[in-house]
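To keep things clear, I will list the structure first and then write my remarks on it.
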Amino acid sequence: MRLDRYVSQAAGVSRAAVRALLRRGAVSVDGRVVKAADLQVPAGSRVELEGQPLALPGPRYFMLHKPAGVVCSTSDGEHATVLSLLAEPRRELLHPVGRLDIDTTGLVLLTDDGAWSHGITSPRRHRDKVYRATLAEPLAADAAARLAAGLLLKGEEKPTLPAQLDILSPTEARITLHEGRYHQVKRMFAALGNRVIALHREAIGAVVLDPSLAPGQYRALRADEVAALR
Ligand code: URA
């Protein structure tokens, strides 16, 4: 990592402020004053600011109960973003792991650990995702069998992987997916001639939305939850 980025992240100051610190010789690497912002800091280096050792903050992991009306992106000109719900220092370093539609509620993971989030969203990993769907019409008698067999979605050539359906009421079901395609749940029910009117994500792999979190609330993930998705 570049020295200016390292100091900015470790000390929580802007890159412009770091450049001023570098100019006046306030930063040293392994005991030598360095003024070059673009120096690549070798792993294990001792970086000091005004004689005080600096350390990069560890990676952070959160779960959020996403409310409807909020978008899963880091910036948006129109709507509130999931990041805006986090009262965390330097939250601009965090990103949501995958996306939910603006009207979908439930579990969203956020982190600054790019390798961890890639491991969850990578199509090759097939992480289970569990959703509760409320439907406009009563479920057809063959809905579970058709989802288990795999469906051809509009505009696609490859059928969906088998998905499990647990029927909770004539118009409510829990669906478990093993892949993540664009608007997948809504499109799967559309392929069955139905329509999703509310969608809520309950779990990603072994990580379940904490029932104590009201919409809009979040908490740090426990170490076992982080490890379960690694
Ligand atoms: N499938 C959808 O259709 N929407 C979501 O937000 C998530 C999965």
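The values are calculated or read from the model by the stated rules, or taken from the named source; none is laboratory data. If you're wondering where the values come from, they're calculated on a predicted model, not measured in any experiment. No Cβ is skipped: glycine too gets one built from the backbone with ideal geometry, and neighbour counts run over all protein chains shown.
A few points about this structure:
- Residue in the stretch 167-174 that is among the polar types (S, T, N, Q) and out of contact with any helix residue (DSSP H, G or I) (no Cβ under 8 Å at 6 or more places or on another chain) present: yes
- Checked across the stretch 17-34, the condition of being away from the ligand (no atom under 16 Å from the Cβ) and within 26 Å of Val130 (Cβ to Cβ) holds for no residue.
- The one condition in (1) surrounded by 15 or more Cβ atoms within 10 Å (Cβ to Cβ); (2) in contact with a Leu (Cβ under 7 Å, 6 or more places away or on another chain); (3) closer than 27 Å to Ile120 by Cα that Pro159 fails to fulfil: (1)
- Residues located in the stretch 168-182, provided they are at pLDDT 95 or above and either surrounded by 13 or more Cβ atoms within 10 Å (Cβ to Cβ) or within 16 Å of the ligand (Cβ to nearest atom) (or both): Leu168, Thr171, Glu172, Ala173, Arg174, Ile175, Thr176, Leu177
- For first residues located in the stretch 117-132 and at positive phi, partners that are assigned to a loop (DSSP other than H, G, I, E, B) and lie 6+ apart or on another chain with Cβ distances below 7 Å form the pairs His126/His178; His126/Glu179.
- Test result for Leu153, within 13 Å of the ligand (Cβ to nearest atom) and farther than 20 Å from Gly98 by Cα: yes
- Within the stretch 84-94, if we keep just the residues that are modelled with pLDDT of 90 or more and out of contact with any Asp or Glu (no Cβ under 7 Å at 6 or more places or on another chain), the residue that is surrounded by the most Cβ atoms within 10 Å (Cβ to Cβ) turns out to be Leu85.
- Evaluating Pro159 against the criteria (1) away from the ligand (no atom under 16 Å from the Cβ); (2) in contact (Cβ under 8 Å) with a residue 12 or more places away in the chain leaves one unmet condition, (2).
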